[in-house]
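Asks: Got a structure for you, questions after.
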Amino acid sequence: MRNPRAGGMLGMCVRAGERLGTRPGVPRAAARGKPPMPFRRGQLDYFVAVVEEGQFTRAASRLHVAQPALSKAIAQLEAELGVKLLKRHARGVTLTPAGEQFYEKARLAVAAASEAMQTAESLTRVQEGTIEFGFIGAPPGLDSPAPLEAFARAHPQIDIRYRELPFPSASTASWLAEVDVAVCHVPPPDPGVWAQPLRLESRVVLAPSRHALAGRRQLSVAEVLDETFISLHPSVEPDWAGFWSLDDHRGAAPRAVTADHAGSPQEVLASLSVRNAITTVPASVAAILANVLSRVAAIPLSDAAPAAIMLVGRQDRRNPLVVALLAFARTYRSSVEPELRLPLLGDARSDSLSPRVRR
């Protein structure tokens, strides 16, 4: 059996379990005359998810497992450690004092293992000639087909694979962990993330067709500041979320928001379909939605500050394929839109995403 005092994050978690035993350095199972049982990485993933979500139902949904299976796995983990980690109650779960100690080590272990796996996957993509390209909402092939087609002709050896991302939350580097590059409105600052400007886009109001503003051809910011806005999930980065409810013009959050917790563009559209509320999106997204959704109206905002559409990615994923894509994007942008300048965004070729690039 593997020595539980071996190095690494998993060993740290086992040692945390030992400290929770009945005698120093001895897990409770061993103290009762049973050999200590090694727990599995999956159990740590499950435990961390339950703690972060605060209940088994949401954690099971996040992990894509059945709730009974999740409950059983946590019970097995507690039995193997010989200590209660969670208090169950009607509203969910909370950590016991022992669980608080164990969670800190388990969280680090899960994060380290996930980071190692994502790094390995990124290295594999480089060998395969593949870029994992993240986006929010409208697929880039619908949003901006011309530059992508031009890149494919210029670099036939590089394949782009697309992945839809949720709205930014936590750190930007963590949000980008599973992709090599992404396109979005400028995300929250992060020294581990580079950013390259693509274009400025006007903001457009989205409203259900039954809304009082739906028939307007154009709106001003002043006309919509006091409207009810679709509420985004609390985990979405507040400043990024606030940009779409015009907080940058109002100087504060909207006075009225819906009860929704939208964490993705699809959830925003679901809310629009049943609420008498609005939101804003970049013009390119609005153009696509207006063509495919008859029950959603897109109304231009005449005087809102524009959205800064960026290519972003982690500094540690800046591989030769990504460098080729960024070089092509700079050349294409200068040839097609030579008048576009984003002085507030700094030198796009090498900047990390620092506070000065935010609007």
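Asks: Quick one: count up the residues across region 25-52 that are modelled with pLDDT of 90 or more and touching a strand residue (DSSP E or B) at 6+ places or on another chain (Cβ under 9 Å).
Replies: The total comes to 3.
Asks: Could you grab me the full set of residues in region 241-261 that are modelled with pLDDT under 95 and surrounded by 16 or more Cβ atoms within 10 Å (Cβ to Cβ)?
Replies: Selection gives Asp260 alone.
Asks: Can you report the number of residues in region 60-97 which are touching a helix residue (DSSP H, G or I) at 6+ places or on another chain (Cβ under 7 Å), in a helix (DSSP H, G or I) and of a type in the set (A, V, I, L, M, F, W, C)?
Replies: Qualifying residue count for the region: 7.
Asks: Conditions: (1) closer than 18 Å to Tyr332 by Cα; (2) in contact (Cβ under 8 Å) with a residue 12 or more places away in the chain; (3) out of contact with any Ser or Thr (no Cβ under 6 Å at 6 or more places or on another chain). Trp175 meets all but one. Number of the miss?
Replies: Result: Trp175 passes all but (1).
Asks: Within region 125-156, work out how many residues are touching a Gly at 6+ places or on another chain (Cβ under 8 Å) and touching a residue at least 40 places away in the same chain (Cβ under 8 Å).
Replies: Looking only at that region, the number is 0.
Quick grid of which residues meet (1) closer than 20 Å to Val181 by Cβ; (2) charged (D, E, K, R); (3) free of Cβ contacts under 8 Å to residues at least 60 places away in the same chain; (4) assigned by TED's automatic domain parsing to the domain that holds Ser209:
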site	(1), (2), (3), (4)
Val292	no, no, yes, yes
Val296	no, no, no, yes
Leu311	yes, no, no, no
Gln315	yes, no, no, no
Asn319	yes, no, no, no
Val322	yes, no, no, no
Leu326	yes, no, no, no
Ala329	yes, no, no, no
Tyr332	yes, no, no, no
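Asks: Also, quick follow-up: Would you point out the residue of region 138-184, among those that are assigned to a loop (DSSP other than H, G, I, E, B) and over 21 Å from the mean Cα position of the chain (by Cα), that is surrounded by the fewest Cβ atoms within 10 Å (Cβ to Cβ)?
Replies: That would be Gln157.
Asks: Next up: Residue by residue through region 199-214, note down the ones that are of a type in the set (A, V, I, L, M, F, W, C) and surrounded by fewer than 22 Cβ atoms within 10 Å (Cβ to Cβ).
Replies: Result: Leu200, Ala212, Leu213, Ala214.
Asks: Being closer than 14 Å to Ser271 by Cβ and touching a Leu at 6+ places or on another chain (Cβ under 7 Å) is the filter here, so list the residues in region 222-254 that pass it.
Replies: Ile230, Ala241
Asks: Applying the selection to region 98-124, what residues are buried (at least 19 other Cβ atoms within 10 Å of the Cβ) and either free of Cβ contacts under 8 Å to residues at least 60 places away in the same chain or not in a helix (DSSP H, G or I) (or both)?
Replies: Residues satisfying the conditions are Gly99, Tyr103.
The values are calculated or read from the model by the stated rules, or taken from the named source; none is laboratory data. Please read all numbers here as calculations on a predicted model, not as lab measurements. We place every Cβ from the backbone using ideal geometry, glycine too, and count neighbours over all the protein chains shown.
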